Amino acid sequence: MPDRRAIVAGLLAAAAFPAAGEGARLHKAISTIVPFKTSPFPYRGKLPDGSGPFLDVTANGRRGHTSPRGGIYWEDETYSDRSTLLAAPRGFDPAKPAVIVVFFHGNGATLQRDVVGRQRVVAQVESSGLNAVLVAPQFASNALDSSAGNFWTPGHFATFMAEAAQGLGKLTGAKAARFDAMPVVLVAYSGGYNPAAFVLRNDDIGGRLLGVILLDAVFDEADIFAGWIASHRKNFFVSAFGQSSVSGNAQIRQLLAGQGIDASSDPPRRLEAGTVALLASDAAHDTFVTRAFVANPLQWLLGRLQGFPR
């Protein structure tokens, strides 16, 4: 279930700060965690390969899913949280060119404890200097499971982003239509690779997607990532990786080389059209979002995105 203390705290923070008028800069960072109708979970459909239902276990009136790593997780405990984190940094100006950063967390995570607290994603977006807002949905709650749930279904992520636009409009006081049109940067850490891969495969938001940042996050679906890079040469793709995902990134490099695409091994000076970089690091997987090839890698990379200064 959603972390009610986090939700209440977010709502109180938003209530304490008057909604900005249309086009007004925010003089204070604001954030909230709210339930979404179009969340990744609950999910009652099939596995993406069609081999069977996602919820493949029943016992005493409960439904569950067998995770390859975590064993059986029950729907009511693990796959029922509809929470999404919405945040806007101090100085965000909806009247200026802006982007939406969408963050997909990894295994064993919750929004407040891990995305906000341990991984400092909200703080990194603010410190990047990018004129951006943040959207981060809850996937399997505190579980060893990378399932994308409803994001496996074509069109669902687009509907989720439309709901996010409404939520961001309420949070900032700007018109939701502004957020409906904003370009998107997709960021995935660890187990977030699976929903990220299906967002790319389904092409739900089309031309709005500026690029992709992966943080130790290629454990499968390397062909989807490589195929997207090859067919989207005007976008950027950066994957920083440690030992945990070294083989998946090596596979991407090999697939790209087969199509004559050279992936840089050096941190990019700028994130711009055509940037493709695979960045090796000896950093530990569990702390990769805050320490990788540099400290606070998300902040560092977003700060190199051109055209959206705050």
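Numerical summary
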item: In segment 268-289, the residues that are within 18 Å of HIS105 (Cα to Cα) and in contact with a helix residue (DSSP H, G or I) (Cβ under 8 Å, 6 or more places away or on another chain); result: HIS285, PHE288, VAL289
item: Which listed residue, of GLY192, GLY242, GLY248, is on the phi < 0 side of the Ramachandran plot and touching a residue at least 60 places away in the same chain (Cβ under 8 Å); result: GLY192
item: Cβ pairs under 6 Å, 6+ apart, first in segment 104-129 and under 17 Å from ALA140 (Cα atoms), second surrounded by fewer than 18 Cβ atoms within 10 Å (Cβ to Cβ) and of a type in the set (A, V, I, L, M, F, W, C); result: ASN107/LEU144
item: Residue within segment 141-157 that is touching a strand residue (DSSP E or B) at 6+ places or on another chain (Cβ under 7 Å), assigned to a helix (DSSP H, G or I) and over 13 Å from HIS105 (Cβ atoms) present; result: no
item: Qualifying residue in segment 248-266 (condition: under 22 Å from LEU144 (Cα atoms), out of contact with any Phe, Trp or Tyr (no Cβ under 9 Å at 6 or more places or on another chain) and assigned to a strand (DSSP E or B)); result: no
item: Hits in segment 168-177 (condition: crowded, with 18+ Cβ neighbours inside 10 Å and part of a helix (DSSP H, G or I)); result: LEU168, GLY169, LEU171, THR172
item: Selected residue (only one of ASP203, ASP262 is in contact with a strand residue (DSSP E or B) (Cβ under 8 Å, 6 or more places away or on another chain) and charged (D, E, K, R)); result: ASP262
item: For ASN60: the one exception among (1) out of contact with any Gly (no Cβ under 9 Å at 6 or more places or on another chain); (2) of a type in the set (S, T, N, Q); (3) over 15 Å from SER146 (Cα atoms); (4) at pLDDT 95 or above; result: (4)
item: Residues (of a type outside the set (D, E, K, R), in contact with a helix residue (DSSP H, G or I) (Cβ under 6 Å, 6 or more places away or on another chain) and part of a loop (DSSP other than H, G, I, E, B)) located in segment 186-232; result: ILE205, ALA217, VAL218, PHE219
item: Residue within segment 86-98 that is farther than 18 Å from TRP300 by Cα, surrounded by fewer than 21 Cβ atoms within 10 Å (Cβ to Cβ), of a type in the set (A, V, I, L, M, F, W, C) and in contact with a His (Cβ under 8 Å, 6 or more places away or on another chain) present; result: no
item: Residue pairs meeting the criteria (Cβ under 9 Å; at least 6 apart or on separate chains; first on the phi > 0 side of the Ramachandran plot, in segment 131-153; second among the basic types (Lys, Arg) and modelled with pLDDT of 95 or more); result: ASN142/ARG113
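The values are calculated or read from the model by the stated rules, or taken from the named source; none is laboratory data. Being a predicted model, the structure only gives us computed values, none of them experimental. Note that each Cβ is placed from the backbone with ideal geometry, even for glycine, and that neighbours are counted across all protein chains shown.
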